[in-house]
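*Asks:* Would you mind keeping the following structure in view while I ask a few things?
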Protein chains: 2
Amino acid sequence: MTDTATDLPAATPGSKSEQAYQAVKARIVEGTYTPGYRLVLGSIAKDLGVSVVPVREAIRRLEAEGLVTFERNVGATVAGIDPTEYLYTMQTLSIVEGAATALSAPLIDPAAIARARAVNQEMRECLDHFDPVRFTRLNQDFHSVLFEHCPNPHILDLVHRGWNRLASLRSSTFRFVPGRARDSVEEHENLLKLIETGADAEQIEKAARLHRSATLDAYLAQANNP
Amino acid sequence: MTDTATDLPAATPGSKSEQAYQAVKARIVEGTYTPGYRLVLGSIAKDLGVSVVPVREAIRRLEAEGLVTFERNVGATVAGIDPTEYLYTMQTLSIVEGAATALSAPLIDPAAIARARAVNQEMRECLDHFDPVRFTRLNQDFHSVLFEHCPNPHILDLVHRGWNRLASLRSSTFRFVPGRARDSVEEHENLLKLIETGADAEQIEKAARLHRSATLDAYLAQANNP
DNA sequence: AGGTACGAAATCGTATACGATCACTATCAC
DNA sequence: GTGATAGTGATCGTATACGATTTCGTACCT
């Protein structure tokens, strides 16, 4: 449940190309390669014990997902933390998560609700211990539970891409606003209640969007008042 | 305005890889390669006068966009017209177009409205001459005008991807429901009125979504009653 | 006759090699 | 001393080559 992997074109497991893709992606998502890190084909190829061709392919795939930027005849670097990009990503995520939640809502059974609630409780505890990394992962777990039976895999894929994009800049703390995080937990609870009571799709979508866009607003407010 | 090209990672123009990407994509979008067509690396490479490596890269990119499917050690084929896929794509498009419209609305000036109206008028004429291909292209033009100043390029990119995906199966006529197309034109006009009068974002988004999801519904209804 | 097993052709996946392009530095002219 | 310029090293982009895998046709067996 913790894996944020998953992509539509699951691309031939076992191939060197796939291996390189997973390896580099993992290093980016877990923060070994931080934004701005220069990805040199030859070095990575040597590291992984493969030739440069599959590595190149992996890098281009990561580029398509927005995790790295690529410049002709210069090379690839881990995608940056440009605030504008952050805004774009969060805004898009707000929309696709909202849609995914609304579409999934009718298919969420009480057992799943209970599991989601348990995850949310863990998040609450994280707040006391101030553990942003774990908090972020649990936040994804929470939504993963809701999206388990999402009827539209395309939308789900867009959600995952957004998560990966954000993960690449998780290491920098600028995203984490403690006060905001506390609200987040409450919004989760409200969302669960709406789903339980079978609220209409429109209402659920609105609530799910708010949850993400409020985080964005909090960040923007913080960015403007240093 | 007619070009539906544009992708986020604009990828080094002039490279053989980019050249191959554009060429194959064009053949798919314009219907030279129809769904199910087998894309053989060697053949394409010979056609384009390049080696297989850049062609392979191009194909993988197209795979990431959903235009082709790829199977390990077997090869690539132009993505099919599976009704389920169609549903997924239209549903997703409904959502991202809705968002793009709502975000763009406040930035659309009267001149742009006028241009959009002119395009819509052309579409009306297309209905009389029964020209589905032109109609579809004009439909994209119409929305392109609205999205000219879309403040979120990520969302705009998702819209373009959806369009490309649909274009790959345009040649098959199963999508075109004449009665539905007529409604479409009216909905365009309504949408323009909402934008002109400065309706709130929620209302505009709803109208923009309806426009796409109603087309989907019409298709589904037709598919169920043969 | 039908089905299975084998073999050849086609195609893919990756390694290696080499030319092209770019960044960086040291040198030279002014 | 400062600017431009040529040289050098590093890295990318692509071609070619070859082993691996699949597919398809054919022959053989039941």
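*Asks:* Quick check on my filter: what residues within the range A:201-226 are over 18 Å from B:Leu103 (Cβ atoms) and more than 19 Å from the chain's Cα centre (by Cα)?
*Replies:* Passing the criteria: A:Ala201, A:Glu202, A:Gln203, A:Ile204, A:Ala221, A:Gln222, A:Ala223, A:Asn224, A:Asn225, A:Pro226.
*Asks:* Continuing with the same structure: Being within 14 Å of another protein chain (Cβ to nearest Cβ) and hydrophobic (A, V, I, L, M, F, W, C): is that true of B:Leu48 here?
*Replies:* no
Listed here are the residues, each with its yes/no results for (1) modelled with pLDDT of 95 or more; (2) within 16 Å of DNA strand D (Cβ to nearest atom); (3) within 10 Å of chain A (Cβ to nearest Cβ).
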| site | (1), (2), (3) |
| --- | --- |
| B:Ile59 | yes, yes, no |
| B:Phe70 | no, yes, yes |
| B:Ala76 | yes, yes, no |
| B:Thr101 | yes, no, no |
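*Asks:* OK, next. Please verify whether the range B:91-101 includes one or more residues that are in the same structural domain as B:Leu192 (by TED's automatic domain parsing) and among the charged types (D, E, K, R).
*Replies:* yes
*Asks:* Mind listing whichever residues of the range A:35-54 are in contact with a Ser or Thr (Cβ under 9 Å, 6 or more places away or on another chain), farther than 12 Å from A:Leu67 by Cβ and more than 9 Å from DNA strand D (Cβ to nearest atom)?
*Replies:* A:Gly36, A:Val50, A:Pro54
*Asks:* Follow-up question, since we're still on this one. Can you name the residue in the range B:169-200 that is at pLDDT 90 or above and in contact with a Ser or Thr (Cβ under 9 Å, 6 or more places away or on another chain) and is also farthest from B:Ala100 (Cα to Cα) among such residues?
*Replies:* B:Asp183
*Asks:* Suppose we filter A:Gly179, A:Gly198 for residues that are part of a loop (DSSP other than H, G, I, E, B) and not assigned by TED's automatic domain parsing to the domain that holds A:Leu62; which single one remains?
*Replies:* Going through A:Gly179, A:Gly198 in turn, just one is part of a loop (DSSP other than H, G, I, E, B) and not assigned by TED's automatic domain parsing to the domain that holds A:Leu62: A:Gly198.
*Asks:* Being under 18 Å from the mean Cα position of the chain (by Cα) and either of a type in the set (Gly, Ala, Ser) or assigned by TED's automatic domain parsing to the domain that holds A:Asn164 (or both) is the filter here, so list the residues in the range A:64-77 that pass it.
*Replies:* Selection gives A:Ala64, A:Gly66.
*Asks:* Still on this structure, please answer the following. Considering only the range B:78-87, how many residues are over 15 Å from the mean Cα position of the chain (by Cα) and within 11 Å of another protein chain (Cβ to nearest Cβ)?
*Replies:* 1
*Asks:* Counting just the residues of the range B:88-99 that are facing chain A (nearest Cβ under 8 Å) and not β-branched (Val, Ile, Thr), which one comes out farthest from the chain's Cα centre (by Cα)?
*Replies:* B:Ala99
The values are calculated or read from the model by the stated rules, or taken from the named source; none is laboratory data. In this text, all values refer to a predicted model and were calculated from it rather than measured experimentally. Neighbour counts are summed over all protein chains in view; Cβ atoms, including those assigned to glycine, are modelled from backbone coordinates with ideal geometry.
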